[in-house]
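Okay, structure first, notes after.
Nothing in this text is a laboratory measurement; each read-out follows from the coordinates by a stated rule. If you're wondering where the values come from, they're calculated on a predicted model, not measured in any experiment. In this analysis, Cβ positions are derived from the backbone assuming ideal geometry, glycine residues included, and neighbour counts consider all displayed protein chains.
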């Protein structure tokens with residue numbers, strides 16, 4: 001489930017590079033909030049504290065309720081970096097920190 005969620009988030013984030021109607025970006029923000037929230041909870045339950053913190057920070061960054069105005073260019077960079085990070089996380093083992 002976690003791998004599939006990461007792949008979907010990757011696709012959604014890279015979809016932000018295309019000029020879609022504003023509703024798509026709102027959907028991505030909500031989907032990212034829910035997805036990263038789930039990943040943070042799951043990582044915390046498994047004892048991956050660093051990973052849980054990163055996912056929680058991403059959930060806060062992408063949340064749709066209090067928008068963080070970074071500008072289109074910076075959001076594109078953030079979307080690409082987070083998307084690449086999601087794909088990379090599929091191929092490298094996690095490290096536990098207590």
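Of note:
- Hydrodynamic radius by Kirkwood, which averages 1/r over all alpha carbon pairs of segment 2-90, in angstrom: 13.1
- Likely footprinting exposure, 81, 1, fewest C-beta neighbours within 10 Å first: 1, 81
- Against the main long axis of the alpha-carbon atoms of the chain, helix 2-15 sits at an angle near 20°.
- Between the helical axis of 49-62 and the longest alpha-carbon principal axis of the chain there is an angle of about 10 degrees.
- Contact order relative to length of the chain, as percent, for alpha carbon pairs under 8 angstrom and 6 or more apart: 40
- Ranking of 51, 2 by count of other Cβ atoms within 10 Å, fewest first: 2, 51
- Listed peptides 61-70, 17-26 appear in the order 61-70, 17-26 once ranked by packing, highest mean of other Cβ atoms within 10 Å at the front.
- Nearest 10 degrees, 0 to 90: helix 72-91 Cα axis against the chain principal axis: 30
- Between residue 72 and residue 49, the modelled label-to-label distance comes to 4.3 nm, taking each label 7 Å out from Cα in the direction of the beta carbon.
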